[in-house]
1. Within a 10 angstrom radius of the beta carbon, how do THR217, THR82 rank from fewest other beta carbons to most?
2. Taking 0.36 nm per residue of sequence separation and subtracting the Cα-Cα distance, how much length would be gained by fully extending the chain between ARG241 and ILE211, in nm to one decimal?
3. What full-extension length gain, to one decimal in nm, is calculated for ARG226 and ALA27 as 0.36 nm per residue of separation minus the Cα-Cα distance?
4. Arrange GLU18, GLU297, GLU341 by Cβ neighbour counts within 10 Å, fewest through most, would you?
5. Take every DSSP beta bridge with both residues inside the stretch 285-398 and express the antiparallel ones as a percent of the total, to the nearest 5.
6. If I model a spin label as a point 7 Å beyond the Cα along the Cα-Cβ vector, how far apart are those points for SER327 and SER188 in nm?
Amino acid sequence: MAAVEKTPLEQDWILQRERAVAWLRVAFAVLAIAVIQLNPSRVARFPALSAFSLWSFVIYSCAVLYLAYHRRLWVGGVGAVTTALDVVWIAVIVLSTGGTRTPFFFYYSFPVITASLRWGIKGSLPVALVGVATYSVLRLTLTAESGGAPIGIDTIVVRSLYMILLAAIFGYISEFEQTQNQKLLALSRTAGQVAALQERRRIMYELHDGILQSLATLILRLEACRGRMTSVDRELDRNLREIEDLTRKSMNEIRQFLAGKETQPLVQGTLTERLRDELKFLRDGLGMRALLEIQPEDLDLPPEVEREIYYVIREGLTNVTRHSNASRVEVTLRKRNGGIEGTLADDGVGMNLSANGGEGGVGLQAMKERIEKIGGEFEIKSSPGAGTNITFIVPING
């Protein structure tokens, strides 16, 4: 069964939890050093191993804390590895500091707490049992070797029950918290979906009652104008019909958008033809000098790349006609170095990019996002009175 991908909110919660655990580990490590330093009369059973285990545990704890803040490592089996290391390290500390009255029994509660935070009861109970078994073996071994007063079995049993009860309590609390968090996340998703649906319906009504009605009125007025023409002007009549057709097409695209369908599907392999039509309108309809250079002529691009490049260039040409007051525009597409390089340059009035944070308006930002969506790079250069030059590079396979 495939693992369920966690939402950004869940990932952030896990990261915050692991950072809290990392800080707790550092606190335990520092406290262990303090216990030894504050009681110099306690002689370690293995002084060298004791010093090494205590200080290495401090270094290990600080390293995990650093990773928790600078790396997203808390996936897969990393939690299990750190929990296992905690149990082993604490066992070594207990063994090396020695004595039948070692103060480090409480330290076994740390991996129990971390396991409960990560996996609930199914994680805390096994870790508690491992800790109890390890502690019991070490205590009995130390007592036998030291020849001191034997530790009572009742003491081991009581401490074992304490550890298991602690594991059950923390595990239950952790599972309860995780269940509540899941419910909150589910409610959040539902609320987001409802809000999105309401916003979509609001936009639908606004478009239907506003723009669509205005376009319908425009068609009626165009038809009325053609009906009142006293002289036969075929060119004017053709232009009016083209405007009517374009308006109807726009209305149909809006309806498709409201229905959740693709509004302007681009047939693969028609990029060159579409661009020629766009530039032909600029030449014949607006009197601009419009140049198109494509190398090679038979561009073979992936469908998504072809579609996004067409929309980017079309938006750029629309900006030229609406804002630039240019007399010349040039579009270039070249296959080079395993990618497609494109430029769109005009000799218009240019713009002040610094006034818009270096990115221009909404249309230019949309162009940039389209290119970046297919793994490309987008750049725009412009200044008042110096025209505008847009370049992009998109990697392609083949």
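1. Final ranking by Cβ density, sparse to dense: THR217, THR82.
2. Answer, rounded to one decimal: 8.8 nm.
3. Extra length from ARG226 to ALA27 when fully extended: 63.1 nm.
4. Values: GLU18 24, GLU297 6, GLU341 17.
Fewest-to-most ranking of GLU18, GLU297, GLU341: GLU297, GLU341, GLU18.
5. That works out to approximately 75 percent antiparallel.
6. About 5.9 nm separates the two model spin labels.
FYI, it's all coordinate maths here, none of it is from the lab. Remember, predicted model here, so these are calculated numbers, not experimental data. So basically every Cβ, Gly included, is an ideal-geometry build from the backbone, and we count neighbours across all protein chains shown.
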